[in-house]
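Worksheet: one structure, shown below.
Nothing in this text is a laboratory measurement; each read-out follows from the coordinates by a stated rule. Only a predicted model underlies this, so the values are computations on that prediction, with no experimental measurement involved. Quick reminder, even Gly has a Cβ in these numbers, built from the backbone with ideal geometry, and neighbours come from all protein chains shown.
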Amino acid sequence: MFHRYITPLYKLKKRHLLKNKILIFFQIIFYSMVIFQLVFNQLLVLKLMDSLVEILTATLALHCFWYTSRKFKETRKKASFYLSVMFLGLAIAPLMQFMDGLFYTGWGPENTFGLYDTQYGYALIILSTSIMNICIYLFASDIFFNKKEGSEKKFSISSLILLVLSVSILVSSIFGFFMKLANQDVTIVIGLFMALSMGMNIFLGTASIKLAKSIENNFYSKSLMYIAYFAFGIIIVYVFFILDSFYTSYSIWGLFGWTLFLIVTYLAYKGFVAPMKVNIIKKEM
């Protein structure tokens with residue numbers, strides 16, 4: 001049924017391959033799921049696909065972390081530091097999920113090595129995504145919302161709202177981290193955390209679009225739009241994870257969430273890292 005909506009790989013002409021990287025990736029995922037479904041049970045298929053996407057996401061995010069960290073050492077600019085920590089948070093989340101998938105006993109003895117009964121990975125995901133959101137606030141506040149007046153910056157209302165959201169996210173994530181380590185129910189805390197994070201990303205996305213429309217340079221305008229897509233993509237990721245939370249085991253919503261997480265990490269690369277590389281090339285020419 002689904003194959004009707006997916007263009008076969010052999011029909012893609014060579015000149016279109018670069019423009020269809022995302023389509024090719026989803027085709028590989030789809031056909032791999034079909035093959036594994038014929039051999040293994042559905043839970044194992046989802047777990048294998050989850051693990052693949054998590055490893056790819058962590059690899060891309062670590063590359064971006066390495067590049068932005070190196071950039072910070074060269075320039076000592078705060079924006080580069082915020083981005084490096086943000087990408088580290090993006091890398092930690094899928095790595096910790098991968099760790100829980102291997103060792104958390106809650107997935108059942110036939111699906112895990114079962115080395116621990118507490119979701120340590122989940123607890124660290126809460127903390128790492130909180131740090132990621134704080135760095136989004138710091139970056140957005142520094143680039144988008146602080147109004148320059150002469151040599152000084154004026155603290156804007158938007159930046160103040162983001163500050164309140166950031167502090168609330170940090171407090172809720174700390175509570176969620178320790179509650180999860182104590183094996184307590186964190187549904188309400190995570191719900192609050194996600195709602196606050198969505199608000200943060202709405203601010204980042206709308207600010208990026210507004211700034212993109214005011215810039216004449218086509219390349220940097222596109223980079224800002226990538227940042228906007230990243231911000232709104234994170235919101236959809238949260239929605240998928242909320243749907244996944246209604247299941248006691250692996251679900252297709254979790255796979256959708258981590259697959260989209262990979263895509264938004266790539267969008268973050270295009271929006272934040274790619275412009276840095278272009279600047280370096282221009283300086284060397």
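Structure notes:
- Surrounding net charge for Ala58, when Lys and Arg each add one and Asp and Glu each subtract one, Cβ distance under 14 Å: -3
- Charge context of Gly254, other residues only, Cβ under 9 angstrom, K/R +1, D/E -1: -2
- Packing here is the average count of other Cβ atoms within 10 Å per residue, and on that basis the peptides 78-90, 212-224, highest first, run 78-90, 212-224.
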